[in-house]
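Have a look at the structure below before the remarks.
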Amino acid sequence: TKLKVKSGCVYFATVATTMESIVFLYMGMGVFTGRFQNWDIVFSLLGLLFCVIARALNIFPLSLIANCCRRKGENRISLKAQCVLWFAGLRDAIAFALSMNMPGPNSDSYSSATLFICMFTTIVCGGFTENMLTRFGMKQGLDNYDDESDDFIGDENVISTESPLARRLSDDLQK
């Protein structure tokens, strides 16, 4: 039912936000512990550059393969969507949590570089993601949602109907 779908969405959004907050708190505490004595700006910038390149080398070829496996015009990943995936998907505080547990004499360098990359991508990439979505005409919002009647207004849906599952959920919500 519509209530169950909404409840499930709210539950999972709450759990995801809570887990993300815990990881970012852990990352924020890493900034103020003062343990990073071996911070190397060149190593950190090279790490950021290689992360950006590696992300591009994953997103664009895998999207091409996915598009080749799909029927023409159906559920294809547009170049704009690929650019957004590449740009917005770099924030990963989990990498920082993992780097904190690295053994060895250079673990402090790895942790500080990872923290730098996470902070840079969160602040810079996260800060410009909305502008990028707007510029590419991909920004979705609650403009089509009527709070009083709980119905969607207009032909456009707030929920993306790219996948069959999302289309099915969207259809169920509109019934």
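The values are calculated or read from the model by the stated rules, or taken from the named source; none is laboratory data. Just so it is clear, the model here is predicted, and its values are computed rather than measured. Accessible surface areas use protein heavy atoms only, side chains included; no ligands, DNA or RNA. Shrake-Rupley method; radii C 1.70, N 1.55, O 1.52, S 1.80 Å.
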Original post:
Top to bottom by accessible area (1.4 Å), largest first, where do 135, 55, 70 land?
Top reply: 135, 70, 55
Original post:
From the phi of every residue in the range 43-59, what ³J(HN,Hα) in whole Hz does the Karplus formula 6.51 cos²θ - 1.76 cosθ + 1.60 yield, where θ is phi - 60° and glycine or proline is x?
Top reply: 4, 5, 5, 5, x, 4, 4, 5, 5, 5, 5, 4, 4, 5, 6, 9, 5
